[in-house]
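Undergrad: Below are the structure tokens for one structure; questions will follow.
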Amino acid sequence: MASASAQCLPTEIICSICKDTFTDPATIRCGHRFCTPCLCLLWEDAPTVTCCPVCKAASPKMDLKSTILAKKHIRSTGNSVICQLPGSAKQMCRTHQVIKLYFCEADKSLLCLFCSRSTGHATHEHYSVMQVAEHYREHLLMQMKSIWKKKQENQRNIKKVTNTFRAWEGFINLRLVMIRAEYPKVCQYLQEEKQKHLEMLAIEGTVIFQRLNRNVARMIHMGKLLRKTYEELKEMCLKADVDMLQGVEDTMKRSQLMQLYIPQPLDPQLSTWTITGMLERLNSFRVYITLDGKIRNGCVPLIEALRRLQCGPVDRDVPWDAACPENTPTWGAQTFTAGKHYWEVDVGNSGDWVIGLCKESWTSRNDMLLNSEDIFLLLCVSKDGHFSLFSTFPFLPHYIQRPQGYIGVFLDYECGMISFINVARGSLICNFLSRSFSFPLRPFIWCGPK
């Protein structure tokens, strides 16, 4: 609804959405102008193709980061609201019956010219009401920008955790299958340990599933609170100077306090359990891998894809040297066409590495990607201090703790199985089950700085 002041102002400075004077105006593709906060709220839940509220012409969503606070608050012919309306009881000095045009910084009160020169206020600093109101409006717009950025971040976090939440049950089922497949290889006396492991895995999976659910609910609730606060800030910004100054500081304090308690997305990680006797059994198939320095295939697309997982949008523009030794993977000198083989690779405390096996033909190609066929790799990717594990073909995340030090690789060619082992803990990281190998397999190793 239009304010009283807006009804007597030129239409060129009136927003057709809120029917009031512009707050941080923005012009869209069709040429129509609106308040940036109005467009933020109107287009927030709009489909991918948004349109002008006036002429319905298609217009892309704005980059809100660059438009909020981009322009000065528009006021008719430079006058503030207090000059546009007749004097009210709040604006009139009861003692001198004139309009209060000054603001006392000491006691936060409105004064007329005569009161400002009185004994009680003569030594205080005084500013015009219009000047003080503009100062607070600028701070309100800054708070609106901060709130909107937090709301967008919260929306991205909701999407991230929702995706994990949807995939969680399937991941737990997959992990149960992998754990079940490992135990038949060991002696019968491990049956009790297996049952306990599976029960605890299921319980832990359920607990984390519930935590993910609560995490999503909290962020959705916070999104609603952020929108409500944003709307309150917008309403406060549109108030007349006198009304706005009555409660602006409390509103801004609530806004700042809310931003300190934004829920963050949960990073779920399952515990890893030692499988008794597994390392002893695997060491009976121990081989020592040597590296083949003659293979010059750098697998540039694969490492570039890994880098995209590591980097945010800003970091992707940083120059990257594919010929640098740290960016060049290595191949094992041995190939395997039968039997059981186990070896270990030291990744130290590096947060970025890729190890596993690939079809021999990949050594002569340079188009390997994360979704390529016949590559059986385990990847660790670091980003912003967090570490994520993935396996390839198919490309899957693994929500367990990052292994450090030695990683074991076990190949059972005839059974079509490849397993990755956390040597320090004697636990299973993941495995590839029921594969059919009819081609030579060659070890693949790439490790970032340790």
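The values are calculated or read from the model by the stated rules, or taken from the named source; none is laboratory data. Note that the structure is a prediction, hence the values are computed from the model and not measured. Note that we place each Cβ from the backbone using ideal geometry, even for glycine, and neighbour counts take in every protein chain shown.
Undergrad: Does any residue of segment 109-116 turn out to be part of a loop (DSSP other than H, G, I, E, B), within 19 Å of Met252 (Cβ to Cβ), outside the structural domain of Pro25 (by TED's automatic domain parsing) and not basic (Lys, Arg)?
TA: No, the conditions are met nowhere in segment 109-116.
Undergrad: Now, a different point. Quick test for you: out of Leu266, Leu270, pick the one residue that is touching a strand residue (DSSP E or B) at 6+ places or on another chain (Cβ under 7 Å) and more than 30 Å from Ile14 (Cα to Cα).
TA: Leu270
Undergrad: Here is a follow-up. If I go through segment 93-108 residue by residue, how many of them are in contact with a His (Cβ under 6 Å, 6 or more places away or on another chain), of a type in the set (Ser, Thr, Tyr) and either without any contact (Cβ under 8 Å) to a residue 24 or more places away in the chain or in a loop (DSSP other than H, G, I, E, B) (or both)?
TA: Summing the residues that are in contact with a His (Cβ under 6 Å, 6 or more places away or on another chain), of a type in the set (Ser, Thr, Tyr) and either without any contact (Cβ under 8 Å) to a residue 24 or more places away in the chain or in a loop (DSSP other than H, G, I, E, B) (or both) in segment 93-108 gives 0.
Undergrad: Six or more apart or on different chains, Cβ atoms under 9 Å: show the pairs whose first residue is in segment 137-150 and assigned by TED's automatic domain parsing to the domain that holds Gly247 and whose second is not in a helix (DSSP H, G or I).
TA: Correct list of pairs: empty, since none qualify.
Undergrad: When the residues of segment 103-126 are narrowed to those that are surrounded by 14 or more Cβ atoms within 10 Å (Cβ to Cβ) and within 46 Å of the chain's Cα centre (by Cα), which ends up farthest from Tyr230 (Cα to Cα)?
TA: Per the criteria, the residue is His126.
Undergrad: If you don't mind, another one. Based on this model, can you work out whether Phe444 counts as in a loop (DSSP other than H, G, I, E, B) and touching a Gly at 6+ places or on another chain (Cβ under 7 Å)?
TA: no
Undergrad: Shifting gears a bit: Answer with yes or no whether Lys234 is under 30 Å from Met130 (Cα atoms) and without any contact (Cβ under 8 Å) to a residue 24 or more places away in the chain.
TA: Here the answer is no, as Lys234 does not meet what is asked.
Undergrad: Can you name every residue in segment 272-289 that is assigned to a helix (DSSP H, G or I) and among the aliphatic types (A, V, I, L, M)?
TA: Within segment 272-289, Met278, Leu279, Leu282 qualify.
Undergrad: Got a number for residues in segment 1-21 being crowded, with 17+ Cβ neighbours inside 10 Å, of a type in the set (A, V, I, L, M, F, W, C) and modelled with pLDDT under 80?
TA: Residues meeting the conditions: 2.
Undergrad: Among the residues of segment 260-271, is any free of Cβ contacts under 8 Å to residues at least 40 places away in the same chain, part of a helix (DSSP H, G or I) and exposed (fewer than 12 other Cβ atoms within 10 Å of the Cβ)?
TA: No, segment 260-271 has no match at all.
Undergrad: Scanning segment 374-391 for residues that are assigned to a strand (DSSP E or B) and at pLDDT below 90, which turns out surrounded by the fewest Cβ atoms within 10 Å (Cβ to Cβ)?
TA: Once the filter is applied, the top-ranked residue is His386.
Undergrad: Moving on. I'd like the full set of residues that are in contact (Cβ under 8 Å) with a residue 40 or more places away in the chain, over 17 Å from Gly205 (Cβ atoms) and either within 26 Å of the chain's Cα centre (by Cα) or not in a helix (DSSP H, G or I) (or both), limited to segment 154-189.
TA: Asn154, Gln155, Asn157, Ile158, Lys160, Thr162, Val186, Cys187
Undergrad: Moving on to the next point. Quick test for you: out of Ser382, Ser391, pick the one residue that is of a type in the set (Gly, Ala, Ser), assigned by TED's automatic domain parsing to the domain that holds Ser350 and closer than 24 Å to Lys185 by Cα.
TA: None of the other options fit; the residue is Ser391.
Undergrad: Then there's this: In segment 22-44, which residues are part of a helix (DSSP H, G or I) and closer than 13 Å to Val54 by Cβ?
TA: Within segment 22-44, Cys38, Leu39, Leu42 meet the criteria.
Undergrad: Take Phe410 and decide whether it is aromatic (Phe, Trp, Tyr) and either within 23 Å of Thr274 (Cβ to Cβ) or in a strand (DSSP E or B) (or both).
TA: Considered against the rule, which asks whether it is aromatic (Phe, Trp, Tyr) and either within 23 Å of Thr274 (Cβ to Cβ) or in a strand (DSSP E or B) (or both), Phe410 comes out as yes.
Undergrad: Would you call Leu201 farther than 30 Å from Ala133 by Cα, at pLDDT 90 or above and either part of a loop (DSSP other than H, G, I, E, B) or not small (Gly, Ala, Ser) (or both)?
TA: Spelling it out, Leu201 is indeed farther than 30 Å from Ala133 by Cα, at pLDDT 90 or above and either part of a loop (DSSP other than H, G, I, E, B) or not small (Gly, Ala, Ser) (or both).
Undergrad: Among the residues of segment 322-370, count how many are modelled with pLDDT under 85 and either more than 30 Å from the chain's Cα centre (by Cα) or assigned to a loop (DSSP other than H, G, I, E, B) (or both).
TA: Number of matching residues: 12.
Undergrad: Can you name every residue in segment 114-144 that is farther than 21 Å from Glu235 by Cβ and either among the charged types (D, E, K, R) or in contact with a Cys (Cβ under 9 Å, 6 or more places away or on another chain) (or both)?
TA: If the condition is that a residue be farther than 21 Å from Glu235 by Cβ and either among the charged types (D, E, K, R) or in contact with a Cys (Cβ under 9 Å, 6 or more places away or on another chain) (or both), then Phe114, Cys115, Ser116, Arg117, His121, His124, Glu125, His126, Tyr127 are the ones that fit.
Undergrad: Does Phe171 satisfy the criteria of being closer than 30 Å to Trp43 by Cβ and aromatic (Phe, Trp, Tyr)?
TA: no
Undergrad: Another question, if that's okay. Which of the residues that make up segment 207-231 are over 12 Å from Ile158 (Cβ atoms) and without any contact (Cβ under 8 Å) to a residue 12 or more places away in the chain?
TA: Val207, Gln210, Arg214, Lys228
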